[in-house]
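These notes concern the structure reproduced below.
The values are calculated or read from the model by the stated rules, or taken from the named source; none is laboratory data. Because the structure is predicted, anything quoted here is derived from the model rather than measured. All Cβ positions, even for glycine, are placed from backbone atoms using ideal geometry, and neighbour counts span all protein chains on display. When the accessible area is computed, the model is the full protein with side chains, heavy atoms only, and any ligands, DNA or RNA have been set aside. Shrake-Rupley method; radii C 1.70, N 1.55, O 1.52, S 1.80 Å.
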Amino acid sequence: MTERKVLIHTENVTRHYRLGDETVKALDGITADIYEGEFLSIMGPSGSGKSTFFNMIGGLDRPTGGKIYMNGEDISKLSERQQAFLRCHNIGYIFQTFNLIPVMSACENVSLPLIFSGVPIDEAEARAAETLASVGLGDRVHHHPFELSGGQQQRVAIARALANRPKVILADEPTGNLDLKTGQEIINLLNRPKEEKGVTILS
């Protein structure tokens, strides 16, 4: 039996905010191992710190204390430029509210982060079209977000996260704004990169 590899390790991670005279403990000592190729769902009520934890792992925010390792490297100590590089090349982020740019087509929404990461425009557009087709939107490449249903918009967001061929996908309540049937379709869709490519999924 092959031993599973720890991809992400958090060690006593805290994130505290000041709210007036009060200290809000969004995270208060989180230690966890997340394995390569794992599909891990983090459960908890609204305000329990799930999004904060994702932001720590994704390098969008820094912990007040503790350490976060990815592939053995403490990412909480990286510079902003290094964290941006990490996000561009290793992490795909899926937001509950889709976060698509309304004036851009589906293809442009998916290709834009690739272009920012240094992929040539022609290659970025080709990869975006290919990835959109893989999530069932091959006939919606040139449609804008307002021309798509909620489920289709979330598929665009998934394609955007997959296009940079990440090691980790952070899906922050990806079905929160969807009906039950569409939500199940999105979960099944997220499971594919895990099964086919060993991508680690956190949702």
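Brief remarks follow.
- Spin-label proximity, MET104 to the stretch 133-150 - amide N less than 13 Å from point 7 Å beyond Cα toward beta carbon: 144-145
- Rounded Å value of the spacing that divides the Cα centres of the stretch 155-193 and the stretch 1-31: 24 Å
- Assuming charge only on the beta carbon of Lys and Arg (+1) and of Asp and Glu (-1), the dipole of the chain about its Cα centre is about 240 debye to the nearest 20.
- Counted charge near LYS50, where neighbours are those whose Cβ lies closer than 9 Å (Asp, Glu -1; Lys, Arg +1): -2
- Karplus (6.51, -1.76, 1.60) ³J(HN,Hα), θ = phi - 60°, over the stretch 10-27, in Hz, Gly and Pro reported as x: 10, 10, 6, 6, 10, 9, 10, 10, 9, 10, x, 8, 9, 9, 9, 9, 5, 10
- Cα coordinate range in the stretch 127-201, projected on the principal axes (Å, largest first): 32, 29, 16
- PHE146-ARG62 FRET efficiency (beta carbon distance; Förster radius 41 Å; 0.05 resolution): 0.70
- Translational D in µm²/s for the stretch 106-149 (Stokes-Einstein at 25 °C, 0.890 mPa s, Kirkwood Rh from C-alpha pairs): 236 µm²/s
- Modelled FRET efficiency - R0 45 Å, GLN184 with ASN71, Cβ distances, 0.05 increments: 0.90
- Surface per residue (accessible, 1.4 Å probe) for the stretch 54-154, Å²: 50 Å²
- Of THR52, THR23, THR97, the one that fluctuates the most in a GNM where the chain has Cα springs shorter than 10 Å: THR23
- Using the Cβ-Cβ distance between ARG4 and HIS89 with R0 = 22 Å, the FRET efficiency computed as 1/(1 + (r/R0)^6) comes to roughly 0.45.
- Each pair of Cα atoms in the stretch 1-102 enters the Kirkwood radius, and Stokes-Einstein at 10 °C and 1.306 mPa s then converts it into a translational diffusion coefficient of 106 µm²/s.
- Expressed as a whole percent, the accessible area of the chain that falls on carbon and sulfur atoms is 51 (1.4 Å probe).
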